[in-house]
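Below is one structure, written out as structure tokens; comments come after it.
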Amino acid sequence: ISAASEGRRLRVCSKMAKIACDKMIEELRETRQYRSAQRLSLYKKLLWLVGNYCPTIAPKFVTLAKNFDVDVVLYPLLTDVALRSSSSVEAMKNTLSELTTHCAQILNSRVSSDSSIVSAWTITNAHLYHFTEFSDFLENQCKHTFDWRVRKSDHKGFEADLRRLINAQEIRCMSYQPGYSGAYHFKITKLKTCRVALSALSCSCSDRTYLYDSKIRLEPTDCLRHSSQTKHQNDLAKLDAIKAYLPADSSLKRKAVDALGGDDDDDVVLTGVAGVAETVAKRVKAAEDAGEVIEIL
């Protein structure tokens, strides 16, 4: 095969790849499946194709990827060793670099926030609903949904008891059959959140009440008092891992160093830009104090 023929073949393949990737990005944007772990392998293949063969549409992929859920999609995508080992093309490196910085900024924002303050589910005057079957759920700020397998003839009565909250758009109720067959379920979903200190959290997760009824499923299953601390530790670990992939010439600095208990000047912090003169002066002063600088006359 001549060099000219090979060149034409590569150009045709590149155009076909661009058309296919462009269409995939548009479809993914429309379906908005940003939290789907099942799509992770597809996103990896798409990133590889865009980075290596379709550099002109890399900005479109970056815009799409910035909407990905950090924990479920973006972090696993960016820490995939096999994917990074194939990033020899400049466009691929730049795409990974931009998304890595974005991911690090989000994680840094998380670990920098007060871990004793959590986002909890809230119901206005929940204590006024002691007469209902759902009082513990409504007052428990850890729980988002309440799913009860109960006879359908009772559902209208439940809705009547909760009508004021439904009209105020604080909750949503639905009567349904899982899989469109079998026993009916009555489901309540809270719609509003608030920021609350863990010390002031209204929580009944440890009470042995109907929360342990086999006919009732509550989400999330974990108590916020426990899960918030676990999540904070997980975010710290992820930030520590992702910082290894930050570009060496990044103008961003990482305040993550303080959050992780580090004091290495060589680490890059996520907010603010260090002046060159200030940085040099700082390191010269440190070297002088350590007796490592010799004045040359």
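The values are calculated or read from the model by the stated rules, or taken from the named source; none is laboratory data. On a predicted model such as this, the values are computed, not experimentally measured, just so you know. Cβ sites come from the backbone with ideal geometry, for glycine too, and all protein chains shown count toward neighbours. Each accessible area value is taken on the protein alone, full model and side chains, heavy atoms only, with ligands, DNA and RNA left out. Shrake-Rupley method; radii C 1.70, N 1.55, O 1.52, S 1.80 Å.
Residues of the stretch 166-191 that are of a type outside the set (Val, Ile, Thr) and either within 27 Å of the chain's Cα centre (by Cα) or surrounded by 14 or more Cβ atoms within 10 Å (Cβ to Cβ) (or both): 169, 170, 172, 173, 175, 184, 185, 186, 187, 190, 191. Contact map, the stretch 57-79: first residue within 12 Å of residue 39 (Cα to Cα) and open to solvent by 40 Å² or more (accessible area, probe 1.4 Å), second residue modelled with pLDDT under 95 and of a type in the set (Lys, Arg), Cβ cut-off under 7 Å, separation 6 or more or different chains; pairs are 72/35. Consider only pairs whose beta carbons are under 9 Å apart and that are at least six residues apart or on different chains; among these, list those whose first residue lies in the stretch 9-22 and is more than 20 Å from residue 62 (Cα to Cα) and whose second residue is modelled with pLDDT of 75 or more and part of a helix (DSSP H, G or I). Listed pairs, sorted by first residue: 13/53.
Annotation note: Cβ proximity below 9 Å between a residue of the stretch 154-181 that is closer than 19 Å to residue 216 by Cα and a residue that is in a helix (DSSP H, G or I) and open to solvent by 60 Å² or more (accessible area, probe 1.4 Å) (sequence gap 6+ or interchain) occurs for 175/152; 175/156; 177/152.
Residue 26: in a helix (DSSP H, G or I), farther than 18 Å from residue 84 by Cβ, under 21 Å from the mean Cα position of the chain (by Cα) and of a type in the set (D, E, K, R), yes or no?
Here the answer is no, as residue 26 does not meet what is asked.
From the list 195, 163, the lone residue that is among the basic types (Lys, Arg), at pLDDT below 95, over 26 Å from residue 227 (Cβ atoms) and surrounded by fewer than 13 Cβ atoms within 10 Å (Cβ to Cβ) is 163. Scanning the stretch 3-35 for residues that are within 22 Å of residue 70 (Cβ to Cβ) and either β-branched (Val, Ile, Thr) or touching a His at 6+ places or on another chain (Cβ under 9 Å) (or both) turns up 25, 31.
Total residues in the stretch 61-100 satisfying the condition of being over 23 Å from residue 23 (Cβ atoms), in a loop (DSSP other than H, G, I, E, B) and in contact with a helix residue (DSSP H, G or I) (Cβ under 7 Å, 6 or more places away or on another chain): the figure is 3. For the stretch 118-148, the candidate set comprises residues that are polar (S, T, N, Q) and assigned to a strand (DSSP E or B); within that set, the residue that is farthest from residue 227 (Cα to Cα) is 145.
For residue 154, the stated conditions do not hold, so it cannot be described as surrounded by fewer than 15 Cβ atoms within 10 Å (Cβ to Cβ), among the acidic types (Asp, Glu) and closer than 30 Å to residue 233 by Cα.
Against the numbered list (1) surrounded by fewer than 16 Cβ atoms within 10 Å (Cβ to Cβ); (2) assigned to a loop (DSSP other than H, G, I, E, B), residue 230 comes up short only at (2).
Considering only residues of the stretch 103-117 that are assigned to a helix (DSSP H, G or I) and without any contact (Cβ under 8 Å) to a residue 40 or more places away in the chain, which is surrounded by the most Cβ atoms within 10 Å (Cβ to Cβ)? The residue in question is 106. When the criteria are applied in full, residue 42 fails the requirement of being free of Cβ contacts under 8 Å to residues at least 40 places away in the same chain, buried (at least 17 other Cβ atoms within 10 Å of the Cβ) and either in a helix (DSSP H, G or I) or among the aliphatic types (A, V, I, L, M) (or both). Of everything listed in (1) of a type outside the set (A, V, I, L, M); (2) modelled with pLDDT of 95 or more; (3) in contact with a Leu (Cβ under 9 Å, 6 or more places away or on another chain), the single unmet condition for residue 155 is (3). Considered as a group, the residues in the stretch 9-38 that are under 24 Å from residue 89 (Cα atoms), surrounded by 11 or more Cβ atoms within 10 Å (Cβ to Cβ) and of a type in the set (Lys, Arg) include one that is modelled with the highest pLDDT, and that residue is 18.
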